[in-house]
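The numbers here are math on the coordinates, done by the rules we state, and not lab data. Note that the structure is predicted; figures quoted are calculated from it, not measured. Quick reminder, even Gly has a Cβ in these numbers, built from the backbone with ideal geometry, and neighbours come from all protein chains shown.
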Amino acid sequence: MYNVFIDGKEGTTGLQIFDRLGKRNDINIITLPEELRKDVNARKECLNSADICFLCLPDEAAKQSVSLVVNPSVKIIDASTAHRTNPDWVYGLPELSKERRAKIAETKRLANPGCHATGFISAVAPLIKGKIVPNDYPFVAHSVTGYSGAGKKTIAVYEAQDRDKFLSSPRQYATTLNHKHLPEMVNECNLTEKPIFNPIICDFYAGMCVTMPLHVRLLNKKYTVADIRKYLSDYYCGCNFIKVAEEENVPAFIPANELTGTNNLKIYVNGNDERIFIASVFDNLGKGASGAAVQNMNIMLGLDETTSLV
């Protein structure tokens, strides 16, 4: 039996982790009474009595929680952006390589990936690693997301009966082009230039589609759509949660909520001789947040990574 504490259980990601783990018989979830939820001493006691802690908090609060952990055996999974480019923490995308998976299994400090970043990195990092795309490629990525990723306040706004009419339309945001996921996208893909990243929030609860179109003329040599599809398929061969769609399974319309409720991520590759289309589709609350966190917890505890996720 493993003792787990979720610091920030009241947020969207925390609640999803709580629901996923609450169905398991190998997990004991340590909880705090509502009146002690923000009591530093009470949180410190919980943090240090757990085998593994999830931090579902704003960045500064997450850093404070880490500072409260004095028990050297406690493992931490941080769902905030606070430690995603910190070299002392392991970035939790195990499918990137066998070496990354081994580091996740050994670490006591893991940074859970951001949702948009998961979609971008899963498609781009293998192409950079395989020297198919130069690391100074001028990426332009678009990400369509359900409104749940913006947190409880935004969820309430979208689900209000008297809501603003503009919420029915897709809405561009982060228009300064400095989205908080950019540092991890650059870091994990070993890019020398920041991509132009264009997130779009839409009127559906959960799901995400991140697209990364490529100009064939800017690749390191001429590749076809079939070449890129096969390379990515081979790269993720044997992975439980990331799959690449075969040519005949690429639909005319790709829904962003296709994999809602799962921890799966599907990569679509299409296009023509001059331009190649790549899209990562997944649940922003699943592989983009709580599902990934539970997957990483399973690996860190030496369990089957698919436990409670299939």
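Over segment 115-284, what is the percentage of antiparallel beta bridges among all DSSP beta bridges, to the nearest 5?
In segment 115-284, DSSP labels about 65 percent of beta bridges as antiparallel.
Once whole DSSP H runs in the chain are found, which of them have Cα atoms spread over 18 Å or more along the helix axis and a mean Kyte-Doolittle score of at least -1.0? The partial results should precede the final answer.
On the way: long enough: 115-129 (21 Å, 1.14).
Helices meeting the span and hydropathy rule in the chain are 115-129.
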Handout entry: Cα-Cα P(r), segment 115-284, percent of pairs per 10 Å interval
Key = 10, 38, 35, 14, 3, 0
Problem - Within segment 97-133, trypsin sites (Lys or Arg not before Pro) in DSSP loop having at most 15 other beta-carbon neighbours inside 10 Å - result: Lys108, Lys131
Practice task
Find the centroid of the Cα atoms in segment 237-310 and in segment 186-228, then give the distance between the two in whole Å.
Solution key: 15
Exercise for the section: Identify the trypsin sites (Lys or Arg not before Pro) of segment 204-238 meeting these criteria: DSSP loop state and at most 10 other C-beta atoms within 10 Å of the C-beta. Expected result: Lys221, Lys222
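Around Phe241, what is the net charge, scoring Lys/Arg as +1 and Asp/Glu as -1 over all other residues with Cβ under 13 Å from its Cβ?
Neighbour charge sum, excluding Phe241 itself: 0.
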Handout entry: Long pairs among Lys23/Lys165; Lys98/Lys152; Lys129/Lys243, criterion Cα-Cα beyond 27 Å
Key = Lys23/Lys165; Lys98/Lys152
Practice task
Pick out, in residue order, every one of the GluC sites (Glu not before Pro) in segment 130-214 that is DSSP loop and has at most 13 other C-beta atoms within 10 Å; say none if there are none.
Solution key: Glu193
